[in-house]
Amino acid sequence: MTAAIRARGIRKSFGPVEVLRGIDLDVAEGEVLGLIGPSGSGKSTLLRCLNSLDDIDDGDLRVNGEIVGHVWEKGRLRRMDDRRLAEQRRGTGMVFQRFNLFAHMTVLENVVCGPVRVLGRDRRAACEAGRAHLARVGLADFCERYPAELSGGQQQRVAIARAIAMDPKILLFDEPTSALDPELVDEVLTTMRDLAVQGRTMVVVTHELAFARDVCDRIAFLDGGRVVETGPAPAFFAVISPHRVVQFDC
Amino acid sequence: MTAADPTLESLIGVPRSEPMRVGRIVVGVAVATLVVFMVRAFALGEIEWSWVARYLTAYAILVGFANTLIMTAGAMALGIALGLAAALMGLSEDPTTRAVAKGYVWFFRGIPIYLQLLLWFNLALVFPTLGIPGLAEVRTVDAMTPFLAALLGLGVCQGAYTAEVIRAGILSGDVGQIEAARAVGMRRGQVMRHIVLPQTLRIIAPPIGNEVIGMLKHSSIAAVIGYQEVMHTASMLHFVNNRVIEMLIVCSIWYLVTVTLLTIGQSLVERRLGRSLGRRTAAAPVAEEGAGA
């Protein structure tokens with residue numbers, strides 16, 4: 001299997017606080033990786049570094065075979081300009097904890113705006129595809145609604161459809177169910193489960209341990225800015241010292 | 001009303017009304033009295049209302065007010081264009097660009113508008129000619145008409161204020177949506193054009209409306225450099241006919257009528273911009289909700 005993500009010695013500080021302290025991680029193509037760990041362990045930061053929303057300070061980070069956010073140039077790494085950065089980000093899709101839907105656009109516009117504006121697709125064709133994406137997440141009847149009119153679970157499913165519409169090689173999920181009321185969590189997890197089955201590469205930061213166990217191929221457990229445990233999902237939960245996982249799941 | 005408590009269930013179906021509001025009646029009477037007094041004072045004062053009626057639609061006044069409207073529209077358009085440019089420059093990553101924007105706002109917000117108009121009108125003292133030397137040159141005295149001086153003076157100064165309004169609007173935007181747009185692969189310019197600015201519009205519409213109304217009236221200051229707007233025309237008229245208060249009332253009426261129309265227009269614009277965001281109730285059926293709720 002080829003690697004979708006390869007990370008070696010990733011370091012990242014916010015001011016005096018070092019959040020990532022030498023992360024090593026590999027994600028194979030088609031693999032679903034669950035990132036778990038206590039609050040402040042760096043899992044969200046790591047995810048945001050994968051598509052340059054945050055910039056790493058040191059380390060070798062390759063996503064889809066490319067150096068993330070920088071260009072290798074005569075022995076130094078130069079920060080990418082705006083155009084190349086935007087091009088690189090097309091290779092990943094991201095789903096945020098707080099949905100972050102475009103508030104002034106209808107649900108359908110949210111989904112087609114990437115393909116039309118970024119990929120230059122024909123609007124009519126993009127709308128047709130967008131409706132199909134929305135149908136797949138169970139929101140075919142909500143195309144003309146505005147995000148503010150939707151429940152949290154519905155908004156998050158729109159956000160997933162928006163990410164898929166760009167057909168990225170890798171999908172990144174940043175605690176996609178943490179901002180949801182308990183009764184709305186399942187509809188989002190079901191949608192994600194469908195995606196996992198389709199063989200997409202996914203990295204999921206989550207607190208939903210049951211979901212991680214059932215859907216993820218592999219789990220990486222972060223603590224204090226390092227990957228402390230990693231392994232195949234079923235085995236991971238069977239083998240790892242139970243008190244440690246239980247401890248953080250408070 | 002009976003002193004004894006009514007028995008249980010005896011209140012079903014009893015008509016309900018608002019509480020007594022004595023204060024309202026008192027204030028209402030006071031205001032009405034004041035209005036009557038003012039109307040009476042103006043009616044009995046030394047005002048020839050027939051002159052007001054005659055001059056309200058006089059050709060000179062209409063031309064003057066048309067010039068006021070042209071100046072308002074032109075200076076506001078220039079102000080918004082400059083303000084948008086300065087706001088975007090002020091948020092740039094490049095320090096020089098930011099400094100230019102800051103300097104512009106600092107200078108043109110720092111000098112009285114009256115003085116600025118005089119400076120533009122007397123630009124010839126600093127730059128005797130304008131244009132490309134040897135190719136297309138004009139003498140500044142000829143080019144800098146009262147209209148152009150007023151347009152530049154009011155518009156450039158307005159831009160400095162509008163820049164701050166737009167900058168505040170942009171900064172009040174949702175960082176999460178900007179990140180989402182970046183994650184989709186939009187470039188900075190696209191994020192600004194498709195995500196940030198459309199939402200900024202809704203936020204800045206009320207203050208911009210306010211500034212349009214302000215500009216309508218401030219444009220009267222262009223009279224000092226001889227631009228023929230309505231106040232200029234009115235003073236020309238009362239120099240001749242000695243009807244000072246009548247001419248001023250004529251101007252007031254035109255200003256008030258226009259401000260009323262602008263206010264109505266502003267609320268229509270705001271309602272339209274609020275379409276997507278006015279409905280805040282999640283997952284509720286919205287179609288039947290009244291606008292402006």
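The values are calculated or read from the model by the stated rules, or taken from the named source; none is laboratory data. Computed from a predicted structure; not experimentally measured. Positions of Cβ are backbone-derived with ideal geometry, glycine not excepted, and every protein chain shown enters the neighbour counts. With ligands, DNA and RNA removed, areas are computed over all heavy atoms of the protein, side chains included. Shrake-Rupley method; radii C 1.70, N 1.55, O 1.52, S 1.80 Å.
Observations on the structure shown:
- In chain A, the DSSP beta bridges split such that about 60 percent are antiparallel, to the nearest 5.
- Counting only residues at least eight positions apart within a chain, or on another chain, the lysines with an alpha carbon under 26 Å from that of residue A:12 are A:43, A:74, A:169.
- The accessible-area ordering, largest first, of the residues B:56, B:34 stands as B:34, B:56, per a 1.4 angstrom probe.
- Taking all protein chains as they are arranged and a probe of 1.4 Å, the heavy atoms of residue B:22 leave approximately 90 Å² accessible to solvent.
- Under 12 Å of direct C-alpha separation, and excluding same-chain neighbours fewer than eight residues apart, residue B:217 reaches these aspartates and glutamates: B:229.
- Residue-level accessible surface for residue B:213, protein heavy atoms, 1.4 Å, Å²: 30
- On association of chains B and A, roughly 2500 Å² of accessible area becomes buried (total for both chains; probe 1.4 Å).
- Heavy-atom accessible surface of the protein assembly as shown, averaged per residue, reaches 53 Å², computed with a 1.4 Å probe.
- Residues in region A:81-117 occluded by at least 30 Å² - accessible area, probe radius 1.4 Å, against chain by itself: A:82, A:83, A:86, A:89, A:96, A:100, A:102, A:103, A:104, A:117
- For region A:134-208 and region B:100-161, distance of Cα centres in Å: 55
- Largest to smallest accessible area among A:43, A:74, B:217, B:102 [probe 1.4 Å]: A:74, B:102, B:217, A:43
- Mean residue ellipticity, 222 nm, helices only, chain A: the sum of -39500 (n - 2.57) across DSSP H runs of n ≥ 4, divided by residue count and rounded to 500, is -11000 deg cm²/dmol.
- The apolar share of the surface of chain A, taken as the fraction of accessible area on carbon and sulfur atoms (1.4 Å probe, ligands and nucleic acids excluded), comes to 47 percent.
- For region B:5-10, 3J(HN,Hα) per residue [Karplus equation, 6.51 cos²θ - 1.76 cosθ + 1.60, θ = phi - 60°, Hz, x = Gly/Pro]: 5, x, 5, 4, 6, 6
- In a simple Cβ point-charge model (Lys, Arg +1; Asp, Glu -1; nothing else charged), region A:179-221 has a dipole of about 320 debye relative to its Cα centre.
- Prolate/oblate/rounded label for the protein assembly as shown (Cα gyration tensor, a/c 1.5): oblate
- Considering only B:41, B:27, B:55, and ranking their Cα positions along the charge dipole of region B:1-57 that arises from unit charges at the beta-carbon of Lys, Arg, Asp and Glu, the one farthest toward the positive end is B:55.
- Charge dipole magnitude, Cβ of K and R +1, D and E -1 - chain A, Cα centre, debye nearest 20: 820
- Accessible surface comparison of B:272, A:193, A:200, probe 1.4 Å, protein chains only, largest first: the order is B:272, A:193, A:200.
- Charged side chains reduced to their Cβ positions (Lys and Arg at +1, Asp and Glu at -1) give the protein assembly as shown a dipole of some 1040 debye around its Cα centre.
- Prolate/oblate/rounded label for chain A (Cα gyration tensor, a/c 1.5): oblate
- Per-peptide average of other Cβ atoms within 10 Å, ordering B:225-233, A:77-85 highest first: B:225-233, A:77-85
- As a fraction of the 1.4 Å probe accessible area of region B:142-216, surface on carbon and sulfur atoms comes out at 63 percent.
- Shape category assigned to region B:79-121 from the gyration tensor of Cα positions, a/c cut at 1.5: prolate
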